[in-house]
Amino acid sequence: MDILNISNLTFRYKNKFIFDNFNLSVERGSWTTIAGPNGAGKTTLVKLLAGLEKSYSNITILDKTLNKKNLLNIRKEVGFVFDNPDNFFACETVLDELAFSLENLGESPKTIKKKIDEISKLLKIDGLLNENPYDLSGGEKQKVALACALMLEPRILILDDALLMIDINEKKQILNILKDYNKNKKVTILSFTHNLDEAIYSDRLVILNRGIITIDGSFPKVFSEEMVMRKIGLEVPFEIELSQKLRVYNIIDELELDPERLVSLIWK
Amino acid sequence: MNSKYPFFKYVTGDSKMHLMNSKTKILWFMMTFITILLVKDYLSIAIISLFLISLMLISKINFLTYLSNSICLFVFYLLIFSITFSITFNLNIAIMITLKVFLIIILFLILTFTTSLSEIAWGFECCFSKLKKINIPVSKISLRIAMDLKFISSMFEQSKMIKKSMAYRGISNKNIFKPLFIFSKVIPLSYRLSRKMEKIMRLRFYGNKKRTNYRENKITIFDKSLVVIPFIILYFVIWLGWC
């Protein structure tokens, strides 16, 4: 069953069409990654879903049509994390920032405190609670922005290059946390990125180029179109590239994403 | 001015001033503001100054931070002094008005250093919540007041950024038109930033009717006494014939 549905989306900036008759549907409880090079229309699509840009289309989120009347109700259920966290902060301390959306929705201070404790520990930002979010490093800012989105306990989480500035080790931990949210809390994740390493965690990969879906499918299916991806300027992860070459030499049977398993298969 | 001296920007802390209830803080602010406007003699100015100095010390923020922030507006005070003197030709009035402006700036600094923007907006909203009954958009106005304060602080931050980017491009510091150039760039940039902030706050559900306050601090004796002190000063000023 679809949780998000975009049909016949047409959008343009001045005379330049970004989307022309664009269609996409996202299944409930799935993790979909939409990847594409610069100018593919990823951020525009996020802005359209957040209601920050108006378009002539029929966008349905959680069975509600995205319009001015439903916008507030939809936003309560959807957590957004934008690529530039500075565009998201409204308060002067991380603590206030985490509490802000829930305060505005009328949650009790007790519930807010409980959620802040839980999420700040989960994302390891409990040491930053009294800091000014504008004074943090890029990665820390992105973690705070993600924490703000998770505070709302969203049913859909939309990430626009949200982990771009976070270092590799922490990124892996956060992606695992998000996977846990996806599997156990049934949060539908829609991740927009140009880094395909993050896409490994998703169930479905959509390659977007100049407002058109070029490839759409499961991870192995999309990576079988490696040449197309290279042509549009997307870098294929090392593990994928290596396992595809090993497949040519019949060393492995199918795509292997775990580097350690890949090593053991080579040495078998 | 470096980052140690944030102009009209919240400084995190746990002083009694920081922990004041938002509503009583705004009441204290408004009462003190009115008192400063009404006083007309140097004795009252001295009493209010003592009152503000004691609050600065209670706020646990370096006294030099207040001083450097208020003194950096030296040109502004000079302008106020010149304008009032050229209108009234009375040195006494010109000095008095300039002193009042100086105290108002200090008052604003105490408020903004110890209160976050969301608390300021919330405090104004609580104080004027009765006006909602006659369809006055209190929430929108409170948010606008908070954002305008943000506008002032962001103006200083933007000017620092423009100065830096000019230095990177090798534009000379000795250029006499530099301040004018920075000023012309800073105003639209800061205005855009504060309007963007307003948009962000709306995106994050600000303006909802059932708002709670996570940091809603209880009204303490300290809060009550801060609201009462300006009243007492006003009583002395008005009823004892000081003005």
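Tabulated data
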read-out: Radius, Kirkwood style, for the protein assembly as shown when every pair of distinct Cα atoms is counted (Å); value: 26.3 Å
read-out: Computed magnitude of the charge dipole of chain B (debye, nearest 20; Cβ of K, R +1, Cβ of D, E -1); value: 1220 debye
read-out: Environment charge of B:MET17, counting only residues whose C-beta is closer than 13 Å and scoring Lys/Arg +1, Asp/Glu -1; value: 0
read-out: Rg to Rh, two decimals, where chain B supplies the alpha carbon set and Rh follows Kirkwood; value: 0.99
read-out: Over chain A: helical MRE at 222 nm, DSSP H runs n ≥ 4 each giving -39500 (n - 2.57), nearest 500; value: -11500 deg cm²/dmol
read-out: Shielding by partners - mean other protein chain Cβ count within 10 Å, residues of B:211-221; value: 4
read-out: Chain B, helix-only ellipticity at 222 nm - DSSP H runs n ≥ 4, -39,500 (n - 2.57), divided by all residues, nearest 500; value: -23500 deg cm²/dmol
read-out: Within a Gaussian network of chain B (alpha carbon springs, distance under 10 Å), most fluctuating of B:PHE76, B:PHE222, B:PHE205; value: B:PHE205
read-out: Extent along principal axes [Cα atoms of segment A:120-262; Å; largest to smallest]; value: 55, 36, 30
read-out: Gaussian network model of chain B, Cα within-10 Å springs - most flexible of B:ILE134, B:ILE110, B:ILE145; value: B:ILE134
read-out: Selection from B:ILE34, B:ALA167, B:LEU64 lying farthest towards where the dipole of segment B:22-239 points positive, charges on Cβ; value: B:ALA167
read-out: Averaged over B:195-204, number of beta-carbon atoms from partner chains that fall within 10 Å; value: 5
read-out: Convex hull volume per residue in cubic angstrom - Cα atoms of segment B:3-116; value: 95 Å³
read-out: Within straight-line cross-link reach of B:LYS210, aspartates and glutamates at Cα separation under 16 Å, skipping those fewer than 8 residues along the same chain; value: A:GLU103, A:GLU107, B:GLU119, B:GLU125
read-out: Per-selection Kirkwood Rh - segment A:46-101 (Cα, Å, 1 d.p.); value: 12.8 Å
read-out: Relative contact order %, segment B:22-239, counting alpha carbon pairs below 8 Å whose residues are six or more apart; value: 33 percent
read-out: Segment A:70-108: GluC sites (Glu not before Pro) falling in loop per DSSP and having at most 10 other Cβ within 10 Å; value: none
read-out: Choice from B:ILE221, B:ILE26, B:ILE105 showing the highest fluctuation, given a GNM over chain B with Cα pairs closer than 10 Å; value: B:ILE221
read-out: Relative frequency of Cα-Cα separations exceeding 24 Å in chain A, percent; value: 52 percent
read-out: Rounded to 5, the percent of DSSP beta bridges in the protein assembly as shown classed as antiparallel; value: 55 percent
read-out: Listed pairs A:LYS76/A:LYS114; A:LYS124/A:LYS183; A:LYS114/A:LYS141; A:LYS110/B:LYS140; A:LYS115/A:LYS171 exceeding 25 Å between Cα atoms; value: A:LYS110/B:LYS140
read-out: For segment A:76-111 versus segment A:182-236, the gap between their alpha-carbon centres in whole angstrom; value: 29 Å
read-out: When each of A:LYS42/A:LYS231; B:LYS150/B:LYS185; A:LYS16/A:LYS231; A:LYS47/B:LYS160 is checked by Cα-Cα distance, pairs over 26 Å; value: A:LYS47/B:LYS160
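No lab work stands behind these numbers, since they all come straight from the coordinates. Everything quoted here is computed from the prediction, not taken from an experiment. Ideal geometry is used to build each Cβ from the backbone, glycine not excepted, and the neighbour counts take in all protein chains shown.
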